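Presented below is the structure to which this report refers.
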Amino acid sequence: MLFGLFFGAGNLIFPLHLGQLAGSHWLLAALGFLITAVLLPLFSVLAISVTRSEGVYDIGKPLGAAFALVFMVLIHATIGPLFGTPRTATVSFTVGVAPFLPKQFDQIGLFVFSLLFFGLAFILSYKENNIVKNVGKVLNPLFLLLLFVVFLVAFTNPLGSTTTASVTKAYLSDPFTNGFLQGYNTMDALAGLAFGVTVVTAVKQLGKKKPRSIALTTARAGILTMAAIGLIYLLLILVGAMSLGKFKVSADGGVAFTQIVNYYAGRIGQAFLATLLTLNCLTTAVGLVAAFAQDFHKHFPKVSYHVWLAFSCLASFLTANFGLDQIITWSVPLLMFLYPLAMALIVLSITSPWFKRDSRVYLTTVVLTVVPAFFDMVVSFPAVVSQSSFGLVVANFQQKFLPLANVGLDWLVPAVVGFALGLVWHFAQGQAAVGVVGKSQVK
């Protein structure tokens, strides 16, 4: 089930496109990508396990209930109705179905497809106790079987050699960092936190009741899931790099996938791709709308799970009809803001037993992370924001005063400094408390 929830639309198209962008430098780019697209999502699942949380709200709770609620809403809005969930329908349609339709019917085709898509997602997630069966036992194995066929054809009849593949300018100079930032687009670190409530609910339905047992089961599932996803990413990156033997670098991974499948199998291959993508994206959509409804019902219980579920599906349907390009364009800035915060909170959660989940460590780390993350968001917006007078001032300040700003990692040094300051504060207060106790005992 966890594999099906994680592996969605972006998990197919972004690594494939990365392979085309990196060319013969695919290995370094893959290493960077695997950190943010595999290791970090694994850590997000482990964070749920270590802190014995039941969702993204619990991860942010050491900073107070208000922060935890705002963070939960932002995460669910981003991977839910605003960007992540609509993308599951738009990728399925744009890459799989649109090539069968005349260009003038694209908009009405997307409307009908997304309506049916989210209607089915609503039905499959209507009963919470059926999510494991619907995603883990039915949709997921079928998707994996179809994906295996794609890899079998691609590697037995390669389109080109990875060693001679051309490299785009950005990946020629810094393939690792660019691969690292590409991993943001999968949204999986955010999804891992948001899926916490769905995973914990599913584990309880399997008969695990004790917190320690739930935590161990969640951790094991996370390790197995992300190992499998990591292998698939590597294969997709290789397929993307090999495709340069026949094709130029495409506009996105969806176009690349269409070109590759059509080359091997023509219209039959396109029908195969449409089936593959729709199954893949539907599994993730089910997990996303269910996680949204479960978490919001938990924190706003006056509204039922089914009403929140209907809201999530309806809002995702409406957003999907803006089209894939618009969704990706406007999702990048919010990801540049939320990913550093999510990474900071994930690391804090995993290491929290060391400092007893002291809110002071959380405070210094997050405060020093959120400012540069906000700057990254501003400069990542389309030109209407990033090229405004405010956007240019922010960009100029970044480049002058924040290290690693030129590669989009200007939050990293402040976050580490904040974490170190928080630990010093924690242990210094601890030593002071021990000193006070010692003096009172001597008296």
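Every number in this text was worked out from the coordinates using simple rules, so none of it is lab data. Please read all numbers here as calculations on a predicted model, not as lab measurements. Positions of Cβ are generated from backbone atoms using ideal geometry, with glycine treated the same way; all protein chains shown enter the neighbour counts.
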For the stretch 315-427, shape from the Cα gyration tensor axes a ≥ b ≥ c, cut at a/c of 1.5 then a/b versus b/c, turns out oblate
Farthest positive-ward along the stretch 2-321 dipole, Cα basis, beta-carbon charges - from Gly4, Ala22, Val200: Val200
Whole-Å distance linking the alpha carbon centroid of the stretch 226-298 with that of the stretch 301-322 is 25
For a quick check: sort Thr329, Thr284 by the number of other beta carbons within 10 angstrom, fewest at the front. Thr329, Thr284
Selected from Leu423, Leu110, Leu338 as most flexible by GNM, with the chain as the system and alpha-carbon contacts under 10 Å: Leu423
Calculate the FRET efficiency for Phe427 and Leu392 from the Cβ-Cβ distance with a Förster distance of 45 Å, rounded to the nearest 0.05. 0.60
Using volume of the Cα convex hull per residue in Å³ as the read-out, say which of (1) 138; (2) 161; (3) 120 was calculated from these coordinates. (2)
Distance from a point 7 Å along Cα→Cβ of Leu318 to each backbone N in the stretch 276-311: keep the residues under 19 Å and list them by number. 289-290, 292-293, 296-297, 303-304, 306-311
Within the chain, which whole H helices from DSSP have a Cα span along their axis of at least 27 Å and a mean Kyte-Doolittle hydropathy of -1.0 or more, if any? 106-125, 211-242, 253-299, 324-355, 359-380, 412-442
Springs between alpha-carbon atoms under 10 Å, Gaussian network over the chain: tell me which of Leu18, Leu82, Leu363 tops the mean-square fluctuations. Leu363
State, to one decimal in nm, how far the label point of Ala420 lies from the label point of Tyr264, with both points 7 Å from Cα in the Cβ direction. 4.9
Residue among Ala241, Leu402, Pro99 farthest towards the positive dipole end of the chain, charges placed on Cβ: Leu402
Can you sort Met226, Met1 by how many other beta carbons sit within 10 Å, fewest first? Met1, Met226
Listing Tyr171, Tyr263 from the residue with the fewest other Cβ atoms within 10 Å to the one with the most, what is the order? Tyr263, Tyr171
Under unit Cβ charges (Lys, Arg +1; Asp, Glu -1), what dipole magnitude, rounded to 20 debye, does the stretch 160-234 have relative to its Cα centre? 620
Along the Cα-to-Cβ line of Val153, 7 Å from the Cα, sits a label point; which residues in the stretch 258-298 have backbone N less than 14 Å from it? 258-277
With the chain treated as a Gaussian network of Cα nodes joined by springs under 10 Å, which of Gly192, Gly245, Gly179 yields the largest mean-square fluctuation? Gly245
Reduced to Cα centres, the span from the stretch 349-420 to the stretch 47-114 in Å works out to 23
Cα centre as origin, Lys/Arg/Asp/Glu Cβ charges: the chain dipole, Debye: 1240
What length, rounded to one decimal in nm, is gained on full extension from Leu144 through to Trp330, with 0.36 nm per residue of separation minus their alpha-carbon distance? 63.9 nm
Using 0.36 nm per residue, how much length does the chain from Leu120 to Val70 gain when fully extended, once their Cα-Cα distance is taken away? 15.0 nm
